[in-house]
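Read the figures in this text as sums done on the coordinates, not as results from a lab. Because the structure is a prediction, the values reported are computed rather than measured. Cβ atoms come from the backbone with ideal geometry, glycine included; neighbour counts cover every protein chain shown.
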Amino acid sequence: MADTIFALATARGKAGIAIVRVSGPDALRAAAALGVIDLRPRRAMLRDIFVRGEILDSCIVVFFEEKHSFTGEAVVEFQVHGSEAVVASLLAALGTFPGLRGAKPGEFTRRALENGMLDLTQVEGLADLIDAETEAQRRQAQRVLSGAIGQRAQSWREDLVRAAALIEVTIDFADEDVPVDVTPEVREIVDRLHTAFLVEIDRARVAERIRAGFEVAIIGAPNVGKSSLLNALAGRDVAITSPIPGTTRDIIELRMDLGGIPVTLLDTAGVREAEDPIEKIGVARTMERAATADLRVFLLGPDNALEGDLPGKDVDDLVVFTKSDLSGRSDAISSKTGAGLDRLVEQIKARLEGRVSGSGLLIRERQRAALSQAAEAMANARLCLYAEHPRLELAAADLRAAAHALDMLVGKIGVETLLGEIFSRFCIGK
């Protein structure tokens, strides 16, 4: 029988309310030891709790029965006043009850996984939801937490089982006249799944960018206003500005929420033929980092030119004129006066939103790797099925390998070595 665990489920420190969670077979007995009895499932009830015969607090108590709680176990939650003294006294009292112990980091969520309340992708989605800083991250994490990956994987697995069953029928009756040739249907299923896997893998890069943040590189000649633009968008002095060319030697990063999208702005060294060896290194790093950025903003000063062509410009990249306060251009921006900055932010946001709308479900490298294994197995199955003489036994083995990879995707098998690392990142009360 599992231990009964308890922990503070809200942040430490003084607050209006603090929630202490107890999960396990002795949860109700722990509540009774605090003077709380006659709890009805999923009903919030006002109760006094007692420690050593003295009232500790009047609080809301909620009981969740087994299979109807977050962990899948019997759970009692005490919603007490958020006094540090009240919380400390309650936790100390719980620690004296036989069969109870303090929870380890992520132990509530781990029990939810072990009891079938969540699959591993949902656990990862929950971790991302807790860490979400922007609206796009919250939406993506919530979609994964709702079980979207598991539902998709289950649908794929059902198709794999159908294809495998058809192949097995053909193999079993190889020496007899089978009235219907099932090979075309099997090929259709395999082709469709192979395409679906590749599409989801391709879209995983955008999903990972939402999770980690898009990179937007600000590029331009020296003194065109790159650092000034970064400071203006940040609302504070992040980068040093100076009329001396080559002031920015290294890449300066600024992470911000751009209309609900996580973005890291990169202030780069001025692009020019530098003579100073340190500045040359800075320019080289600029070109390397800009090449891998998701979006580039090329700044042009009043002279309307960079030294040479715009390096590495893609169709989605922005070309922006600066220093409207000096040039008088209506389409230029000014970091000094703020003119045009709102328009620039909206342009960046619009381009990134287009990519967000095409994001997939896979949010972790582990998930992408598992689906890549399934895609490889399906590619091998296609080779067997489309051969001049179809090799059905080998195709059946490839389908089983694909199903195995999908089980790894949702955490049914082969992930034991990962669990310690995953759950260690959760707080004690989760």
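HN-Hα J couplings of the stretch 2-19 from phi, Karplus 6.51/-1.76/1.60, θ = phi - 60°, integer Hz, Gly and Pro as x?
So the J values, rounded to whole Hz, are 5, 5, 8, 10, 8, 5, 6, 9, 10, 5, 6, x, 5, 7, x, 9, 10, 10.
Show me, for the stretch 92-103, the HN-Hα J-couplings you get by feeding each phi into the Karplus relation (A = 6.51, B = -1.76, C = 1.60, θ = phi - 60°), rounded to Hz, glycine and proline as x.
Here the 3J(HN,Hα) series is 5, 5, 4, x, 8, 7, x, x, 10, 8, x, 6 Hz.
Loop only by DSSP, 16 or fewer other Cβ within 10 Å of the Cβ. Give me the trypsin sites (Lys or Arg not before Pro) in the stretch 1-64 that pass, ordered by residue number.
Numbers: sites: ARG12, LYS14, ARG21, ARG29, ARG42, ARG43, ARG47, ARG52; in loops: ARG12, LYS14, ARG42, ARG43, ARG52.
Passing both the DSSP loop test and the Cβ count: ARG12, LYS14, ARG42, ARG43, ARG52.
Calculate the spin-label point distance for ALA85 paired with ASP191, positioning each point 7 Å from the Cα along the beta-carbon direction, and give it in nanometres.
With each label point 7 Å from Cα toward Cβ, the separation is 7.5 nm.
By count of other Cβ within 10 Å, fewest leading, how are MET408, MET45 ordered?
Ranking MET408, MET45 by Cβ neighbours within 10 Å, fewest first, gives MET45, MET408.
What ³J(HN,Hα) values, in whole Hz, does the Karplus curve 6.51 cos²θ - 1.76 cosθ + 1.60 give for the stretch 252-265 when θ = phi - 60°, with x put for Gly and Pro?
9, 10, 9, 8, 8, 9, 9, x, x, 10, x, 9, 10, 7
Using amide H atoms built in the peptide plane, which far-off residues or other-chain residues are under 5 Å from VAL51 H to H?
When sequence neighbours closer than 5 places are left aside, the close amide H contacts are LEU56.
Taking 32 Å as the cut-off for C-alpha to C-alpha distance, list the pairs among LYS323/LYS349; LYS226/LYS430; LYS349/LYS430 that go past it.
Numbers: LYS323/LYS349 22 Å; LYS226/LYS430 43 Å; LYS349/LYS430 34 Å.
LYS226/LYS430; LYS349/LYS430, as the Cα separations exceed 32 Å there.
Restrict the search to the stretch 100-209; then list the chymotrypsin sites (Phe, Trp or Tyr not before Pro) that DSSP places in a loop and that have at most 16 other Cβ atoms within 10 Å of their Cβ. Please list the in-between numbers first.
Working: sites: PHE108, TRP156, PHE173, PHE197; in loops: PHE173.
Passing both the DSSP loop test and the Cβ count: PHE173.
List the GluC sites (Glu not before Pro) within the stretch 12-80 that DSSP assigns to loop and that have no more than 15 neighbouring Cβ atoms inside 10 Å. Each step should come with its number before you reach the end.
Values: sites: GLU54, GLU65, GLU66, GLU73, GLU77; in loops: GLU65, GLU66, GLU73.
Here the sparse-neighbourhood loop sites are GLU65, GLU66.
Any idea how far apart ASP257 and HIS389 come out in nm if each label point goes 7 Å out from Cα toward Cβ?
Result: 6.5 nm between the two label points.
What residues have an amide H closer than 5 Å to that of LEU258, excluding those fewer than 5 places away on the same chain, when H is modeled at 1.01 Å from N in the peptide plane?
VAL263
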